[in-house]
Amino acid sequence: MRGRDNYWRYTLYLWLLEVKSVIEYELGESLEITVLNSDNEYPELIVEGELVGEGVPGEEGYLIEILKKALLRVKSIERAE
């Protein structure tokens with residue numbers, strides 16, 4: 001995740017902490033959350049170098065689905081290689 005150090009980035013970070021265990025349980029692997037600074041007003045959600053979302057989703061359930069979809073796509077690409 002990257003963005004300006006503000007309310008939105010902090011909110012997304014807290015949500016990521018809350019859903020991390022759910023994602024790890026469902027995918028069977030550990031995740032690392034990294035926070036980077038940038039000039040963007042709204043936080044960008046990045047998975048394995050790919051931008052998968054901008055801003056804060058309407059609810060945490062949407063965040064879970066965004067992350068699962070991106071992580072499963074990364075895993076399928078890794079298996080194909």
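The values are calculated or read from the model by the stated rules, or taken from the named source; none is laboratory data. All values derive from a computational prediction rather than experimental measurement. Quick reminder, even Gly has a Cβ in these numbers, built from the backbone with ideal geometry, and neighbours come from all protein chains shown.
Looking only at the stretch 52-69, count every residue that is of a type in the set (G, A, S) and modelled with pLDDT of 95 or more and tell me the total.
Of the residues in that region, 2 qualify.
Of the residues in the stretch 19-40, how many are surrounded by fewer than 12 Cβ atoms within 10 Å (Cβ to Cβ) and either in a helix (DSSP H, G or I) or touching a residue at least 24 places away in the same chain (Cβ under 8 Å) (or both)?
Keep residues of the stretch 19-40 that are surrounded by fewer than 12 Cβ atoms within 10 Å (Cβ to Cβ), which gives 21, 25, 28-30, 32-34, 36-37, 39.
Checking which are either in a helix (DSSP H, G or I) or touching a residue at least 24 places away in the same chain (Cβ under 8 Å) (or both) leaves us with 21, 25, 33-34, 36-37, 39.
Residues meeting the conditions: 7.
Looking only at the stretch 24-32, decide whether some residue is closer than 11 Å to M1 by Cβ, in contact with a Leu (Cβ under 6 Å, 6 or more places away or on another chain) and not polar (S, T, N, Q).
No.
Within the stretch 41-64, can you find the residues that are assigned to a loop (DSSP other than H, G, I, E, B), among the acidic types (D, E) and in contact with a helix residue (DSSP H, G or I) (Cβ under 8 Å, 6 or more places away or on another chain)? Steps first, answer last, please.
Restricting attention to the stretch 41-64, the residues satisfying the condition of being assigned to a loop (DSSP other than H, G, I, E, B) are 41-43, 48-49, 55-59.
Those left that are additionally among the acidic types (D, E): 41, 48, 59.
Passing the criteria: E41, E48.
Looking at V74 and the list (1) surrounded by fewer than 16 Cβ atoms within 10 Å (Cβ to Cβ); (2) in a loop (DSSP other than H, G, I, E, B), which single condition is not satisfied?
(2)
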